[in-house]
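> Here's a structure for you.
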Amino acid sequence: MAETVFTPSLEGMKHVKAENGVILTKPFLEVCKQILPVLDKFGAAMAIVKSDIGGNITRLENKYSSDPSKYEHLYSMIQEEVQNKTAKGSSSCTNGLLWLTRAMDFLVELFRNLLEHPDWTMSQACTDSYTKTLKKFHGWLASSSFTVESFTL
């Protein structure tokens, strides 16, 4: 199989889960970081998405780095925040992980659209992907901003 920009991520996915199926923090974040250079290829069109993803990765990495053995498993960060009743805070790792996975869902849908609809413009692919993945989580203002941004791609 030919190597693509996705090959490192696909290889990294093999190491994200421990034998018992638990997600390992460091390998998970390393796989997530693999998408950042891919987003650079899209130029300014993906700058906001890249910034959001990078910020959420950094938030989770900082927590992990504070005690790697304690936070070896991704759920341990979340579990701690839930127990401390800080999970719903906007700067929580729980919130960061939530938005990181939502952004990844958006990107998977975007890449699927680009592959399955080569006749679509980037704006069409982004708008469809956004509608299917992120729109339901954004208020009117964020949704409107995305629409304006996506038409300038």
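The values are calculated or read from the model by the stated rules, or taken from the named source; none is laboratory data. In this text the structure is predicted, and so the values were computed from the model without any measurement. Cβ placement follows ideal geometry from the backbone for every residue including glycine, while neighbour counts extend to all protein chains displayed. The accessibility values were calculated without ligands, DNA or RNA, using every heavy atom of the protein model including side chains. Shrake-Rupley method; radii C 1.70, N 1.55, O 1.52, S 1.80 Å.
> Does region 80-87 contain any residue that is surrounded by 14 or more Cβ atoms within 10 Å (Cβ to Cβ), farther than 24 Å from Pro27 by Cβ and among the hydrophobic types (A, V, I, L, M, F, W, C)?
No: region 80-87 contains no residue that is surrounded by 14 or more Cβ atoms within 10 Å (Cβ to Cβ), farther than 24 Å from Pro27 by Cβ and among the hydrophobic types (A, V, I, L, M, F, W, C).
> Contact list please: Cβ distance under 7 Å, first residue in region 127-147 and under 16 Å from Asp52 (Cα atoms), second residue at pLDDT 90 or above and open to solvent by less than 80 Å² (accessible area, probe 1.4 Å), pairs at least six apart or on different chains.
Tyr130/Phe106; Thr133/Arg102; Thr133/Phe106; Thr133/Glu109; Leu134/Arg102; Leu134/Phe106; Phe137/Arg102; Phe146/Tyr130
> Considering every residue within region 28-35, establish whether at least one is free of Cβ contacts under 8 Å to residues at least 12 places away in the same chain, within 20 Å of Lys63 (Cα to Cα) and surrounded by 12 or more Cβ atoms within 10 Å (Cβ to Cβ).
Within region 28-35, not a single residue is free of Cβ contacts under 8 Å to residues at least 12 places away in the same chain, within 20 Å of Lys63 (Cα to Cα) and surrounded by 12 or more Cβ atoms within 10 Å (Cβ to Cβ).
The rows are residues; the columns are (1) over 21 Å from Asn56 (Cβ atoms); (2) open to solvent by less than 70 Å² (accessible area, probe 1.4 Å); (3) at pLDDT below 90; (4) of a type in the set (Asp, Glu).
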residue	(1), (2), (3), (4)
Leu107	no, yes, no, no
Asn113	yes, yes, no, no
Thr121	yes, no, no, no
Thr131	yes, no, no, no
Leu153	yes, no, yes, no
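> For region 39-46, state whether one or more residues are touching a Ser or Thr at 6+ places or on another chain (Cβ under 6 Å), at pLDDT 90 or above and open to solvent by less than 70 Å² (accessible area, probe 1.4 Å).
no
> Take region 1-27 and flag every residue that is under 23 Å from Ser51 (Cβ atoms), open to solvent by 40 Å² or more (accessible area, probe 1.4 Å) and not β-branched (Val, Ile, Thr).
Answer for region 1-27, where residues must be under 23 Å from Ser51 (Cβ atoms), open to solvent by 40 Å² or more (accessible area, probe 1.4 Å) and not β-branched (Val, Ile, Thr): Phe6, Pro8, Lys26.
> Does region 9-27 hold any residues that are in contact (Cβ under 8 Å) with a residue 24 or more places away in the chain, part of a helix (DSSP H, G or I) and under 20 Å from Asp105 (Cβ atoms), and which are they?
Selection gives Ser9, Thr25.
> Can you tell me which residues in region 36-46 are touching a Leu at 6+ places or on another chain (Cβ under 6 Å) and without any contact (Cβ under 8 Å) to a residue 60 or more places away in the chain?
Met46
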